[in-house]
Every structure is written in structure tokens, then in C-alpha cells.
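The values are calculated or read from the model by the stated rules, or taken from the named source; none is laboratory data. Quick caveat, the model's predicted, so the values are computed rather than measured. Counting neighbours? That spans all protein chains shown, and the Cβs are built from the backbone with ideal geometry, glycine included.
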Amino acid sequence: MKRLHLTDSERETYPIRTVCALTGINPITLRAWERRYQFIRPIRPPGGHRQYTREHIDQISQALSMIERGMAIGAAARALRRSGPSSESVDAWAALRAQVIAAIARFDESALDVTYESALGLQPIEAVTRKLLLPVLADLGRRWESTEGSVAEEHFFATYLRSKLGARLHHRHRQTSEYKLLCACAPGEQHEIGLLLFALAANDQRIGCVLLGADMPLHELPAACARAACHGIVISTSTDLEQSWLTEDLPRVVAGTDRPVFIGGHASAGRSDAIARASALAIGGDIVRGLQRIKSVLEESTRKQPR
């Protein structure tokens, strides 16, 4: 395959706090991996902090998956070093993202369909989500901030994804669920795409979701959870959490239910201590690892229930 030039977004680098929010890894663990196993080599600008590329993020996610399958970190690091980065894979995803951005800029739904469906035909939905959909959403935000793009672009793509993901949820395989979650966006949170992606991934893990959508008043969640017979509550937010939300609103939700309350989204990773003080659990922005933590908590909660 002919090598393509990387887009500006492909060259984008991320600080360690963002990497940890995206992958679910602890910063201390990541630094230890770098030091002991020469796992990855972050970019170190003169006088600056560690910076990571999307390729680094993919490698970290691969290592975490290997460890979950029983491989030691040393062996996982050696395997990833031997395999090395795949320029064809990186370029393929970069090309797909460029095609999607170009279609969005033209508000061309037909072109979007072609690229989206071709990606799904080649890769599972988890890979398409992590390497195409979420990066494109981030790119659109940067385009808006730099005035290269517009709010209209974000709304166009969000509406498109809402339709596609909603259809997948509607036609998903109806299997028996081990657990059921009440899922809602925090008050003021209008972006429900992450919640829909979460629900699709949860279904694959035999976890059912009752979706309440965007901008949900928190005080209604405990009663809704009880009436729906859910095993837990998931609140999604992409914006930084206000102190009053953490010290007043969230504790009231936790106090109103005997079920665990989880806070998801990239913003939750940076406020995990404050969320813990409210007796809730931060699960970050990595959907797969967030679901693993939720399932672990629910299994433990089930074991503790009186028989």
C-alpha cells in the first residue's frame, strides 16, 4: 500500500493526563512501563512534559488488552516492540479520517455513508469507534476552535451518528442480559454520542442499558433506577465538572439509591478523587475499560447481596 502523508490531526500529540483518560491506565503505571520495559518513548520537548501520539495510545490499549488476557507486561512490551508500528494501518485510519472530515465539510451524507460502511466492513465496531469516530469528533472540536470548521459541522456529524448508532441499538441482538444500567447525560450535556457508543459496547458484554439521553436532571435518576430495576447508574459528561456538582448534586444522587453510581467521560478521569469522595466511581473515557470496571463492581455487589 502506498504510504500517505499524515494529516495534521494524525501528528497531534496529547499530554499524559489525556492519554490516561483515554486508556484508563494510571500515570504512575505508565511511567513505570516506560522506565522498566522501554515500552514506548514519548516525545519530550525541551523543558516540556511528556507528549504522546495516537500511535502511542493504540500501543497502550493493545498492551492493556494483552495483560487482561493473562500476559505479563514485560512479554507484552517485547511483543509490541517486535511487531513495531504498522505504517499501513496508521495510514489507512488517517486516510479514513481525512475522508470523513472532507465529507463533513461538504455536508455530504452519501460520502459519509460510503466511508463509514467501508470501515465497518473491514474492522469491528470497537476499532471503528476508537480509531475513526472518536478521533473525528475530537478533530471537529479542534477545527471549530481554530475557526477552520464550524458548529454546524459538529451538529451535522452528531446527527448522522445518532441516527446510525440508534439504528444499530434498535436492531441489536436481543440477548439475555446479566445486568442492566440506567444511562444518562449530565445536566447541560448535549452530546449523547458517547452514551450511545457505550450502550452498544455494553450490549456486547451482555449488559442492558436504559437510555435517558442528553441533559438529564440528576434528581430523577434514583427513582428511575428503582422503577427500571437497574443494577447501577451511569452518568456521562464531556465537560469539566463544577465543584457544586461534585459536592452537592452527585452526593444527593448517591444517597438516593442503593445502587452504584458511575461517572463516565474524559472529564471524569481528572476528577476521580472528588468523585470518590461523593461515593461514586469514575470510569474515564475508555469505554472498554470502563465497562470492565463496571462489571467488576456489579459482580462484587451481587456477591455481597443477602441470599
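For residue 112, the conditions (1) part of a helix (DSSP H, G or I); (2) over 23 Å from residue 164 (Cα atoms); (3) modelled with pLDDT of 75 or more; (4) not basic (Lys, Arg) all hold with the exception of (2). Among the residues of segment 176-193, the ones that are outside any loop (DSSP other than H, G, I, E, B) and of a type in the set (Val, Ile, Thr) come to 1 in all. Within segment 1-37, can you find the residues that are β-branched (Val, Ile, Thr), at pLDDT 80 or above and part of a loop (DSSP other than H, G, I, E, B)? Passing the criteria: only 25.
With respect to residue 223, is the statement that it is of a type in the set (Gly, Ala, Ser) and either part of a loop (DSSP other than H, G, I, E, B) or at pLDDT below 85 (or both) true? For residue 223, the condition - of a type in the set (Gly, Ala, Ser) and either part of a loop (DSSP other than H, G, I, E, B) or at pLDDT below 85 (or both) - is not met.
When residues in segment 110-127 are screened for being β-branched (Val, Ile, Thr) and without any contact (Cβ under 8 Å) to a residue 24 or more places away in the chain, 2 of them pass. If you go through segment 206-227 and keep only what is surrounded by fewer than 16 Cβ atoms within 10 Å (Cβ to Cβ) and farther than 27 Å from residue 159 by Cβ, you end up with 206, 219, 223, 226, 227.
Do we find that residue 40 is touching a residue at least 12 places away in the same chain (Cβ under 8 Å), among the β-branched types (Val, Ile, Thr) and not in a helix (DSSP H, G or I) in this structure? Yes: the conditions hold for residue 40. You will find that of 303, 289, the residue that is farther than 25 Å from residue 165 by Cα and not polar (S, T, N, Q) is 303 and no other. Any residue in segment 121-137 that is over 25 Å from residue 53 (Cβ atoms) and either in a helix (DSSP H, G or I) or modelled with pLDDT under 85 (or both)? Yes: one or more hits. Restricting to segment 194-214, count the residues that are in a helix (DSSP H, G or I), within 13 Å of residue 237 (Cβ to Cβ) and not aromatic (Phe, Trp, Tyr). Residues that pass the stated criteria total 2. Of all positions in segment 256-266, none carries a residue that is within 27 Å of residue 167 (Cβ to Cβ), more than 18 Å from the chain's Cα centre (by Cα) and buried (at least 18 other Cβ atoms within 10 Å of the Cβ).
Residue by residue, here is whether (1) closer than 20 Å to residue 198 by Cα; (2) of a type outside the set (A, V, I, L, M); (3) touching a residue at least 12 places away in the same chain (Cβ under 8 Å); (4) touching a Pro at 6+ places or on another chain (Cβ under 6 Å) holds:
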residue	(1), (2), (3), (4)
230	yes, yes, yes, no
244	no, yes, no, no
258	no, yes, no, no
261	yes, no, yes, no
287	yes, no, yes, no
296	yes, yes, no, no
